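Just below is one structure, and these are the notes that go with it.
Nothing in this text is a laboratory measurement; each read-out follows from the coordinates by a stated rule. Just so it is clear, the model here is predicted, and its values are computed rather than measured. So basically every Cβ, Gly included, is an ideal-geometry build from the backbone, and we count neighbours across all protein chains shown.
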2 protein chains.
Amino acid sequence: MKTDVILLGHGSGGKLSRQLLEDFIIPILSGLPENNRNDAAVIPFSGDRLAFTTDSYVVDPVFFPGGDIGDLAINGTVNDLAMSGARPLAVSVGLILEEGLPLADLERILYSMRAAADRAGVGIVTGDTKVVSRGGADKIFINTSGIGVFDHPWRIEGGNARPGDKILVNGPIGDHGMAILASREGLELGTEIRTDSAPLNGLVATLLEIAGADIHVLRDPTRGGVATTLKEIAIQSAVDIVLEETAIPVRKEVTAACAILGLDPLYVANEGKLLAFVSPEAAPRVLALLRDHPQGREAALIGEVNGKAASEGKVTLSTAIGGRRLVDMLSGEQLPRIC
Amino acid sequence: MKTDVILLGHGSGGKLSRQLLEDFIIPILSGLPENNRNDAAVIPFSGDRLAFTTDSYVVDPVFFPGGDIGDLAINGTVNDLAMSGARPLAVSVGLILEEGLPLADLERILYSMRAAADRAGVGIVTGDTKVVSRGGADKIFINTSGIGVFDHPWRIEGGNARPGDKILVNGPIGDHGMAILASREGLELGTEIRTDSAPLNGLVATLLEIAGADIHVLRDPTRGGVATTLKEIAIQSAVDIVLEETAIPVRKEVTAACAILGLDPLYVANEGKLLAFVSPEAAPRVLALLRDHPQGREAALIGEVNGKAASEGKVTLSTAIGGRRLVDMLSGEQLPRIC
């Protein structure tokens, strides 16, 4: 790598993060092959399979419109399990607290975690609490890890996108990132932008039950946004992806806020959205299914995997004015501490 | 609670930690009954049982004699699984990095994690990396979570101590805490005190294989030390415990350093020690077994559970000069950021 210290951009979820992970952390810690990177690890266990995932949350501010670090931490881990096709079985909570954190704030966050866990139907079964002195951490950091089980035989993973697959999203993108940013910067936007943070395991269970064999990849476009997530999948599956800009749902207040700040909604984080790669025959049925679900009312078909079999993983956007541009991963740091 | 903010003592592993957990965090997050607190949660799964545990590490300094935050984080989670009687199956790693952390330091820590995982025979299968800006965290915090499986039918847990049980420890106590403290404060002690940080799953597997039915409780005396851990077990099992001060192994350099600093080795953290509650008939055999193992050469029988059945959980120390004193949990904060 070209630096000898950790940069903020190493946490962006984009190119620098990927470099740090692929070239440095993963080879040392696990030696797993590069194409085996998914939201959750799959572990064979006594004839079954277990999913296992972990995420730390350092979001700033801790409270924001529509949620807080607590429900974000539960939803994030529940969603990582769901995206691997697993049903969440149990969640752990590791708290790192800064000395001086008001107990009232901690209480509010804990209740929010419990409510999120109840909503997702998963138990918080084990935990750990550490305290560091004032200035040693910023208010509260939360790690959640989760175990999931598979109720079906399908392999849902990033390397499984196939030529011809249609790409669906379950609603408008960019809400979470813009909610955090507006709240952190105290932007006055007229309309309040709320996080989309939500557990997606119920929606995924429905999709898999009705159309399991036709769903090839599920991924939640968090840090780095839809663009970075699709680029990762394109590389993992060695396919080309074409996106239709006009088909991508974005709330007008998010578009407006992005315009003011010079951001592209395609790179802004989501916490209650999923991208589904679906076989072309099943796509209309799956889209209808999504739109029938409370978490998919504004679902849309936003692109497809190019018919060509092998590729280096190119993602192209057909723009509103008829142009074409290449979509790359987020480079550098767009929004630090977004989750 | 008597405070409205988080205090350093809430992270000590002693009385304040217990209050925060029992009266505040656990009731809100999980509603688990108080006597169900163990190093790992046990989850029924398709006819089997899974163990699940999590721990965050914020130790300061990051590097210390005999180890660093990396192997500490792996050993700690491996040991939590082992203390529940489970065989570690997989570990996750969540990194929170401070902007500006030298990559050389990160590399050293990652290699140390991998070596510890290899030594324990467990894979690091999933992970997450977050970066916070300079001053938002102190160098590096690590969360490790772990999944374990049970290869035997025994229930090893804190509520399972029985009247008459003998209490064994696998070696001298207080090494880890004093290594951290000496290193942090730059104490010149003549002899360097090294952490005892080590994975205990191999030792536990041997114990369970040979004497599983006779081992009632296993617990690693980390934060809060042997005193706090025994007091917790006494309360959980509703038994009285008597300790023989002269039987408790402590290295002379640890005794000396504790004397200088006014600390009691009974309250100092360990990271490669276990306490085993064993039926009286099996105790000589288990002690011999421990002493035969590289991690138990200096094992000792340090006390027993009083014959009386029901109790409020009293721990008494028979002192070297023939007195008796009550042992309570650590109160307040003895050594912040010890793990």
Legend entry - C-alpha center-to-center spacing [segment A:43-88, segment A:230-247] in angstrom: 24
Legend entry - GNM top mover of B:Gly212, B:Gly127, B:Gly136 - chain B, alpha-carbon springs below 10 Å: B:Gly136
Inset, instruction - Report, for A:Arg291, each distance to the same residue's label point in the other copies, shortest first and in nm; define the point 7 Å along Cα→Cβ. - result: 7.8
Inset, instruction - Give the order of A:Leu301, A:Leu95 when sorted by the count of other beta carbons within 10 angstrom, beginning with the fewest. - result: A:Leu301, A:Leu95
Legend entry - Gyration tensor (Cα) of chain B, equivalent ellipsoid semi-axes in angstrom: 29, 24, 21
Legend entry - Farthest positive-ward along segment A:166-326 dipole, Cα basis, beta-carbon charges - from A:Leu326, A:Thr222, A:Ala198: A:Leu326
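Sorted from fewest to most neighbouring beta carbons within 10 Å, what does the list B:Phe277, A:Phe63 look like?
Values: B:Phe277 28, A:Phe63 14.
Fewest to most other Cβ atoms nearby, the residues stand as A:Phe63, B:Phe277.
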Inset, instruction - Given the options A:Gln295, A:Gln236, A:Gln19, state which has the largest fluctuation in a GNM of chain A using a 10 Å cut-off (strictly under) for Cα springs. - result: A:Gln19
Legend entry - Whether segment A:166-326 is rounded, prolate or oblate, judged on the alpha carbon gyration tensor where a/c under 1.5 counts as rounded: oblate
Inset, instruction - For A:Pro65, place a label point 7 Å out from Cα along the Cα→Cβ vector, do the same in each other copy, and report the separations in nm, one decimal, smallest first. - result: 5.7
Inset, instruction - For the protein assembly as shown, report the convex hull volume of the alpha-carbon atoms normalised per residue, in Å³, without decimals. - result: 146
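Have a look at the DSSP beta bridges in the protein assembly as shown and tell me what percent are antiparallel, nearest 5. Can you show the working numbers first?
Values: 91 of 117 bridges.
Of all bridge pairs located within the protein assembly as shown, approximately 80 percent are antiparallel.
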Inset, instruction - Note down the magnitude of the dipole of the protein assembly as shown about its Cα centre, charges +1 on Lys and Arg C-beta and -1 on Asp and Glu C-beta and zero elsewhere, to the nearest 20 debye. - result: 420
Inset, instruction - Give me D for segment B:61-130 in µm² s⁻¹, whole number, from Stokes-Einstein with Rh from the Kirkwood sum over alpha-carbon pairs, 37 °C and 0.692 mPa s. - result: 258
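Taking the Cα centre of segment A:166-326 as origin, sum charge times position over the Cβ atoms of Lys and Arg (+1) and Asp and Glu (-1), and report the length of that vector in debye to the nearest 20. Don't jump to the answer; show the numbers that get you there.
Numbers: 16 positive and 20 negative charges, 47 e Å.
About 220 debye.
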Legend entry - DSSP beta bridge pairing in chain B, given as percent antiparallel to the nearest 5: 75
Inset, instruction - Rounded to the nearest 500, what is the 222 nm mean residue ellipticity of chain B from helices alone, with -39500 (n - 2.57) per DSSP H run of 4+ residues and division by all residues? - result: -8500 deg cm²/dmol
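With a 10 Å Cβ neighbour count serving as the proxy for reagent exposure, in which order, fewest first, do A:Ser92, A:Ser183 appear? Don't jump to the answer; show the numbers that get you there.
On the way: A:Ser92 26, A:Ser183 19.
With the fewest neighbours first, A:Ser92, A:Ser183 line up as A:Ser183, A:Ser92.
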Legend entry - segment A:39-149: antiparallel DSSP beta bridges as a percent of all, rounded to 5: 75
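If you put +1 on each Lys and Arg Cβ and -1 on each Asp and Glu Cβ, how big is the dipole of chain B around its Cα centre, in Debye rounded to 20?
Values: 31 positive and 43 negative charges, 85 e Å.
Taking the Cα centre of chain B as origin, the dipole is about 400 debye.
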